[in-house]
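Report on one structure; see the data block that follows.
The values are calculated or read from the model by the stated rules, or taken from the named source; none is laboratory data. Worth saying up front: this structure is predicted, and the values here are computed from it rather than measured. In this analysis, Cβ positions are derived from the backbone assuming ideal geometry, glycine residues included, and neighbour counts consider all displayed protein chains. Protein only, heavy atoms only, side chains kept; ligands, DNA and RNA dropped before computing areas. Shrake-Rupley method; radii C 1.70, N 1.55, O 1.52, S 1.80 Å.
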Amino acid sequence: MKTLITIALVMTVGAAVPANELLLWSDTPAAEWVEAYPIGNGAFGAMVFGGVDQERIQFNHDTLFNGQPHDYVHKGAVEHLPAIRKLLFEGRQDEAHALANQEFMSVGHEGSNRQRAYQPFGDLLLSFDAFKEKTPDTYRRELDIDNAITSVTFELDGTTFHREVFASFPDNVIVVRLSANRPGAINGTATLSSPHDRINLTSESDELLRMTGQVKNGVTSFEARLQARVEGGTVTAHDGKLTIAGANEATLILAGASSFVNYKDVSGDPVEKNRKTMARLSEKSFEEMKGKHVEDHRALFQRVSLDVGTSDQAKQPTANRLKGFDAGDPQLVALFFQYGRYLMIACSRPGSQPANLQGLWNESTEPQWDSKYTCNINTEMNYWPAEVTNLAECHEPLFTALQDLSETGAHVATEHYGARGWVVHHNFDLWRGAAPINHANHGIWPTGGAWMCQHLWWHYEFGQDRDFLENTAYPLMKDAALFFVDSLVEDPRSDKGWLISGPSNSPENGGLVMGPTMDHQIIRNLFANVIEASQILGRDEALRAQLADMRKRIAPNQIGKQGQLQEWLEDKDDPNNKHRHVSHLWGLHPGNEIHPQQTPELAQAAKVTLAHRGDGGTGWSKAWKINFWARLLDGDHSFKMLQEALQGNTYPNLFDAHPPFQIDGNFGATSGITEMLLQSHLGEIALLPALPAALPTGSVTGLRARGGFEVDITWKDGKLLSATIQSLTETECVVRYGDTQRVLKMTPGEKVILRGEELR
């Protein structure tokens, strides 16, 4: 084949992007939390404000939730399931709501049907009396996402002061470095505080401060431990503070831990955990800790690079670039894309909890929506970039949580549905509540676990890890499917023999129903993945046949009288409804059953639905629409949604603004930018499928495609110049650019370069 050049595979880290493209910066300290810069090591993170005379470093640990181990099951709920379904089939929705709210919802803590909330840990507070009531001659605060370090540099009275802060995954601590260009210039105090109960500050030595306590309205205990090391000068402990005097440089090391062991056990010893952490660091210098931290972060972060052009806009403070964002600031697109990857590395690492509604970062004891795990879109959106942007390891915490949920969800399946397998509704918390919460009109939605199972299948599709498929993914997916084998019912209102789900919701719109479109798309996807996995593994032939038969009978997507994709079995969509959820387009994205090339009528109906819903919405809603329009191969509309999100739903520190802050919009945007450049959900690698006119020239390296491929792409003037495909396995793949396809037969480790002129 003349179009191919084959060379040996050389594994390299993605080419470094010029530093100013990977910086968030400001010329003022953060005045509020959503202006501070986030750092994190997966489990332990902080928001750094960059104050001059008063520095606040607000920190979190991902195991601090209020409440305690708890079984949320409503025993006997299954006895009322037939009556709820009967009421819904008869159109008596209000009565169904009333019965379900009384007899089918979670039995939570203290009689509530709610779950519990993620909590802040505390604050590291630095005070510099010498700087009070003084204005620096110069000031710059920045977050370098290439090395995961936030820093502050300012000049006062002829002395330049520099502060660096990072959260190390290798050492499991937060590190603060204080330095100046004049000897003996570091003078100040450091202390710890927390909004929780039984707070006690003690000092074990002149350089070590300890803070212990217990989560308010909970049983989890915790300890934070702060050590100060100085070069020159002194450090002393007194009245719950560490005082640094006349130092040339100072290093503060913060460790934090809780008594959480797992969702059933909070008997751990945080003091002993922190003691071991600090002991491991006793001989490590600041330079060694920083070097290990940067090496660890870059090993993940630099796998992918994105260059879509430069402009003078990058010389402005980051916040100034948002309101006026347009195609004239392509570097902000690359920065926002990479910022999502930075946040993923910072809040989801092996051994941590999954990224919650705010990732890792939260300052409130009463956060919006409890800052837990909302899995009717938000938890899944958090992980859309994991595989495609080459951060597969960051997916692991979600899979660990699914193991827990398969246990708690099995109890819910039995007690609420009389079914095998396991089920999760629209939320879970640290205690792995899986039963429906809050209110029947949005809380009874039994496909949360099924949706999260898609991520198990993706991890296999992208990585081709058979051991993972056999030992982790398939058992969870199979049992999730068994729940629907037992719980799907035939619709008595139809003579077509359709199987439907219910009682359920179309999140979070329209109340309790039987057979919402989104449910059926998710269940079809789950069944298809279990069928394919069972074929790969050569097992469960009878179940495979059963799932194949049932899958054909699940109520199909339907086009309504307005040309829209119906959200429900009934043709009742309101074209004036601008609801933030567009749940029934799940089959377009992240599903794969609607596509302009394969199902053009359904794709057109999806466009009608999107036109009805409009381009407005919350931050995460706009992020989902970036992905929708990319899947519809309309790169310009996809870019328009990115522009809408940056201009109207992004805080000064680039956090997504729902409002308030929800991190899913960040991750959804990173996913959507990737979908513009590369898609692989139809059994082929599609290059630049939705390239917007606003990004005519650029390059991307290190993206991943299903089937076990790594892909680099270069384009100019809106046309493909070249693509490099690397394969993990011996396989065949189809590469598409526009209407042209090439079939590649590849061996493990092989790299193939495709020239753009040969694909046009």
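If E730 satisfies all but one of (1) of a type in the set (D, E); (2) over 26 Å from D326 (Cβ atoms); (3) open to solvent by less than 20 Å² (accessible area, probe 1.4 Å), what's the number of the condition it fails?
(3)
Given the structure, is Q313 within 19 Å of I673 (Cα to Cα), surrounded by fewer than 24 Cβ atoms within 10 Å (Cβ to Cβ) and in contact with an Asp or Glu (Cβ under 9 Å, 6 or more places away or on another chain)?
Numbers: within 19 Å of I673 (Cα to Cα): no; surrounded by fewer than 24 Cβ atoms within 10 Å (Cβ to Cβ): yes; in contact with an Asp or Glu (Cβ under 9 Å, 6 or more places away or on another chain): yes.
In short, no.
Do you know which residues across the stretch 315-357 are hydroxyl-bearing (S, T, Y) and either farther than 25 Å from D62 by Cβ or part of a helix (DSSP H, G or I) (or both)?
T318, Y339, Y342 - these are the residues of the stretch 315-357 that are hydroxyl-bearing (S, T, Y) and either farther than 25 Å from D62 by Cβ or part of a helix (DSSP H, G or I) (or both).
Go through the stretch 585-643 and count every residue that is in a helix (DSSP H, G or I), without any contact (Cβ under 8 Å) to a residue 40 or more places away in the chain and under 22 Å from D571 (Cβ atoms).
Total satisfying the criteria: 6.
Name the residue that is farthest from F59 (Cα to Cα), counting only residues in the stretch 200-217 that are among the polar types (S, T, N, Q) and open to solvent by less than 60 Å² (accessible area, probe 1.4 Å).
S205
Would you tally the residues in the stretch 143-175 being surrounded by fewer than 20 Cβ atoms within 10 Å (Cβ to Cβ) and on the phi > 0 side of the Ramachandran plot?
2
Looking at V78, is it part of a loop (DSSP other than H, G, I, E, B), β-branched (V, I, T) and more than 30 Å from A299 (Cα to Cα)?
The answer is no for V78.
Could you list, ordered by first residue, the pairs with Cβ atoms under 6 Å in which the first is in the stretch 276-299 and part of a helix (DSSP H, G or I) and the second is surrounded by fewer than 17 Cβ atoms within 10 Å (Cβ to Cβ), at least 6 apart or interchain?
That search, which allows pairs on different chains as well, returns K292/P170; D296/P170.
So, in the stretch 274-293, how many residues would count as being open to solvent by less than 80 Å² (accessible area, probe 1.4 Å) and within 29 Å of the chain's Cα centre (by Cα)? Spell out the reasoning first.
Looking only at the stretch 274-293, we keep the residues that are open to solvent by less than 80 Å² (accessible area, probe 1.4 Å), and these are 274, 277-279, 281-282, 284-286, 289-291, 293.
Remaining after also requiring within 29 Å of the chain's Cα centre (by Cα): 274, 277, 289-291, 293.
Total meeting the criteria: 6.
Only one of S534, S494, S506 is surrounded by fewer than 17 Cβ atoms within 10 Å (Cβ to Cβ) and hydroxyl-bearing (S, T, Y). Can you tell me which?
Just one listed residue meets the conditions, S494.
May I ask you to list the residues in the stretch 407-421 that are in contact with a helix residue (DSSP H, G or I) (Cβ under 7 Å, 6 or more places away or on another chain) and open to solvent by 30 Å² or more (accessible area, probe 1.4 Å)?
Once the filter is applied, which keeps residues that are in contact with a helix residue (DSSP H, G or I) (Cβ under 7 Å, 6 or more places away or on another chain) and open to solvent by 30 Å² or more (accessible area, probe 1.4 Å), the stretch 407-421 yields E415, G418, R420.
Please determine whether any residue of the stretch 189-199 is free of Cβ contacts under 8 Å to residues at least 12 places away in the same chain, open to solvent by 40 Å² or more (accessible area, probe 1.4 Å), not in a loop (DSSP other than H, G, I, E, B) and not basic (K, R).
From the stretch 189-199, those free of Cβ contacts under 8 Å to residues at least 12 places away in the same chain are none; that's our starting set.
So far as the stretch 189-199 goes, no, none of its residues is free of Cβ contacts under 8 Å to residues at least 12 places away in the same chain, open to solvent by 40 Å² or more (accessible area, probe 1.4 Å), not in a loop (DSSP other than H, G, I, E, B) and not basic (K, R).
Quick one: in the stretch 45-86, which of the residues that are surrounded by fewer than 20 Cβ atoms within 10 Å (Cβ to Cβ) and among the acidic types (D, E) is farthest from A190 (Cα to Cα)?
E79
Go through the stretch 123-139 and give me each residue that's outside any loop (DSSP other than H, G, I, E, B), of a type outside the set (S, T, N, Q) and out of contact with any Phe, Trp or Tyr (no Cβ under 6 Å at 6 or more places or on another chain).
Matches in the stretch 123-139: D123, L124, L125, L126, D129, A130, F131.
Only residues that are assigned to a strand (DSSP E or B) and not small (G, A, S): list them for the stretch 656-670, please. Before you say what the answer is, go through the steps one by one.
So the first thing to find is which residues in the stretch 656-670 are assigned to a strand (DSSP E or B), and the list is 656-657, 661.
Hits for the stretch 656-670 are D656, F661.
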